[in-house]
Amino acid sequence: MNDDQLVLKAGNGSVVAPAGYGKTETIAKVAGSCRRALILTHTHAGVHAIRARLKKLEVPYRKAHVDTFAGWCMRYASAFKYTALPPPFPPQGKEWDQLYVGTAFALGVAAVRAVVEASYDRILIDEYQDCDASQHNVAIVLSGIVPTTIFGDPMQGIFEFAGASLDWGLEVFPSFPLVTELKEPYRWKKTNPDLGAWIGEVREKLKNGQSIDLGDERIQWRQSDSPFDMGLFFDNFDPDEKSVAAIHCRKGICYSLASATNGAFQAIEEVEAKTLREFAAKWDAGNSDTYHIIVRNFFSLCFKKKEASLDEIEEDHSAIDALMQELRDQLKGVNAAEAAGHLLHAARSHPRWRLFRSELWRDCERALAELSSGRCASMFDATETIRNRSNHIGRHLPRRTVSTPLLLKGLEFEDVRVPYAPHFLNENNAQAKLFYVAISRATGSLSIGAPERYLKLPAAFGGSSISAG
């Protein structure tokens, strides 16, 4: 019996899905066999991926409603606000717990339960390892209304620091008994089956705290004692390769690595867009005397100024320098936002400037355009507009990316490079899981830098209980 058939046959249950083993395909197939399924995941990127798979399998639109877990709860809590007592939108910090507690309470009301029961005949919750206790409680309540299947992988539970630390043996499986564990490594079938097999073997070793042989012939090991060993980034570099990701756990290191590669690898931004929002706050509090400082400091976050080497013929960049100075002077004028937008655009053309945070630069330029056109009253509002637009459209990644496992989770790349693998030992939580998420992004080739051939990380689950996955 196929995995999707096992799910449909079961009532409430769980599916353990290692990275790349066909989870999204299984979810889509199950939804296609339902009258109408509710599919919940945790990110807009996840929503886009599931919708794309449903479309690929030609599942009729009416058969599935796909939403983020938070978004669905906000809608239901707002619809029954006198029962759920939702926090102000958007929730902040502990207000998220208030939202989920209120949603669970509202789902206990007979009239609300009747609405859910009439709307769906199956609920499918994706990326369950990212659920915290309050979300888990909502899922349990939902499972008492409509048969509910959760899909996840304890080995990808890398949000422990944010409270997503459910014990699958003690908390998940008692409410959602194991239906099946996916066994087929689809991600590597057509690209590199040997790599897929190696990642599967490493997964088991990481669970138990066993040593990993980085010298295995199925991957590339570069003996290196620094994350800034540029050889890892540029040796065997194929400029025609469609997608490459370098992965390091620390975002500050990722920014520095992107700068060190002179923008050959681009750093991507957090979903919360913290740096862009900080720029917006400074801009809104600024004036004609401070805008040039605000923009100059922003440039330092996005561009590396390349010095000319002794044997290099100096390129004449007087024209672009003059244009940028003229635009700086216009920051004192009536439409400083328009001048700042033109200045950002011009900076990209400077022959000595190398952009290494293109996503941040692009979103800032777009936000300034919203502000200067009068469509938004403040830079903060403009920033929120751009963020919401990006969340719903989906982000477009550069061909060569350097970022963290947290931001790249759920994505895949032809080539993955992990600089200085022992750095995973410096993480406070989920060292083995972070490493697994990093290596399982690779579909074609994997290169790992480390001073020693063997890498040993603490067992993924320590003393916690887990009987599957």
For region 107-169, with the dipole built from +1 on Lys and Arg beta-carbon atoms and -1 on Asp and Glu ones, taken about the Cα centre, which of A118, Y128, A164 lies farthest toward the positive end?
-> A118
Top positive-direction residue, dipole computed over the chain with Cβ charges, set Q220, F380, L8 = L8
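Give me the percent of DSSP beta bridges within the chain that run antiparallel, rounded to the nearest 5.
Of the beta bridges lying entirely in the chain, close to 10 percent run antiparallel.
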Rounded accessible area per residue of the chain, 1.4 Å, Å² | 46 Å²
Magnitude of the Cβ-charge dipole (Lys and Arg +1, Asp and Glu -1) of the chain about the Cα centre, nearest 20 debye, reported as 1280 debye
Contact order relative to length for region 61-189, counting C-alpha pairs under 8 Å separated by 6 or more residues, stands in percent at 18 percent
Relative to the longest principal Cα axis of the chain, at what angle does helix 318-330 sit, 0 to 90 degrees, rounded to 10?
-> 70 degrees
Taking amide H positions as placed in the peptide plane 1.01 Å from N, state which residues far from T41 in sequence (5 or more) or on other chains have amide H under 5 Å from it.
-> D67, T68, F69, D126
Take the solvent-accessible surface of the protein heavy atoms, probe 1.4 Å, and return the percent of it on region 206-353 that carbon and sulfur atoms account for.
-> 49 percent
For region 201-228 and region 37-60, write down the distance between their C-alpha centroids in whole Å.
-> 33 Å
Note down the accessible area of M1, probe 1.4 Å, to the nearest 10 Å².
-> 140 Å²
Table column - 3J(HN,Hα) (Hz), region 115-120, Karplus curve with 6.51, -1.76, 1.60, x for Gly and Pro = 5, 5, 5, 6, 7, 9
With a ≥ b ≥ c from the Cα gyration tensor eigenvalues, square-rooted, and the rule rounded for a/c under 1.5, otherwise prolate when a/b > b/c and oblate otherwise, region 83-170 is oblate
0 to 90° range, to nearest 10: angle between helix 358-372 axis and the chain longest Cα axis = 80 degrees
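Under a point-charge model restricted to the Cβ atoms of Lys and Arg (+1) and Asp and Glu (-1), what is the dipole moment magnitude of region 48-182 relative to its Cα centre, in debye to the nearest 20?
The dipole magnitude comes to about 740 debye.
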Radius 14 Å from Cβ of K282, net charge of other residues (Lys, Arg +1; Asp, Glu -1) = 0
For region 95-193, the percent of accessible surface on carbon and sulfur atoms (probe 1.4 angstrom, ligands and nucleic acids excluded) is 57 percent
Sequence-distant residues sharing a close amide H with K306 (under 5 Å, placed H) = W353, R354
In order through region 405-422: 3J(HN,Hα) via Karplus (6.51 cos²θ - 1.76 cosθ + 1.60), integer Hz, x for Gly, Pro | x, 4, 7, 9, 4, x, 9, 9, 9, 4, 9, 10, 10, 10, x, 6, 3, x
Would you mind working out the magnitude of the charge dipole of region 304-400 relative to its Cα centre, with +1 at each Lys and Arg C-beta and -1 at each Asp and Glu C-beta, to the nearest 20 Debye?
-> 620 debye
Out-of-range pairs (alpha-carbon distance over 26 Å; input K190/K251; K251/K433; K29/K242; K304/K409; K55/K207; K207/K274) = K190/K251; K29/K242; K304/K409; K55/K207; K207/K274
Which percent, nearest 5, of DSSP beta bridges in region 35-183 are antiparallel?
-> 0 percent
Taking R0 as 56 Å, what's the FRET efficiency between K242 and S288 from their Cβ-Cβ distance, rounded to 0.05?
-> 0.80
Value at 222 nm in deg cm²/dmol, rounded to 500, when DSSP H runs of n ≥ 4 in the chain each add -39,500 (n - 2.57) | -13000 deg cm²/dmol
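If r is the Cβ-Cβ distance from E272 to R389 and R0 is 22 Å, what FRET efficiency results, to the nearest 0.05?
After rounding, the FRET efficiency stands at 0.90.
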Those trypsin sites (Lys or Arg not before Pro) from region 223-268 that are DSSP loop and have at most 15 other Cβ neighbours within 10 Å turn out to be K242, R250
What are the residues whose amide H is under 5 Å from the amide H of R400, where those residues sit 5 or more places off or on another chain and H is modelled from the backbone?
-> V244, Q266
What ranking of W188, W221 comes out by heavy-atom accessible area, probe 1.4 Å, highest first?
-> W221, W188
Helix 95-106 vs. the chain, principal-axis angle (Cα, 0 to 90°, nearest 10) = 30 degrees
Scan [x] 41, 31, 18; [y] 38, 27, 24; [z] 41, 24, 23 for the value of semi-axes √(5λ) of the Cα gyration tensor in Å calculated from this model and give just the label.
-> [x]
Per-residue HN-Hα couplings for region 230-241, Karplus 6.51 cos²θ - 1.76 cosθ + 1.60 at θ = phi - 60°, whole Hz, x for Gly and Pro?
-> 5, x, 4, 7, 10, 5, 6, 7, 10, x, 8, 5
Region 105-132 and region 382-446: distance between their alpha carbon centers, rounded to Å | 30 Å
Per the charge dipole of the chain (beta-carbon charges, Lys/Arg positive, Asp/Glu negative, Cα centre), the residue among L446, A106, W361 reaching farthest to the positive end is A106
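The values are calculated or read from the model by the stated rules, or taken from the named source; none is laboratory data. Treat the numbers as computed from the prediction; the structure is a model and nothing was measured. FYI the Cβ positions are ideal-geometry reconstructions off the backbone, even for glycines, and counts take in every protein chain you see. The accessibility values were calculated without ligands, DNA or RNA, using every heavy atom of the protein model including side chains. Shrake-Rupley method; radii C 1.70, N 1.55, O 1.52, S 1.80 Å.
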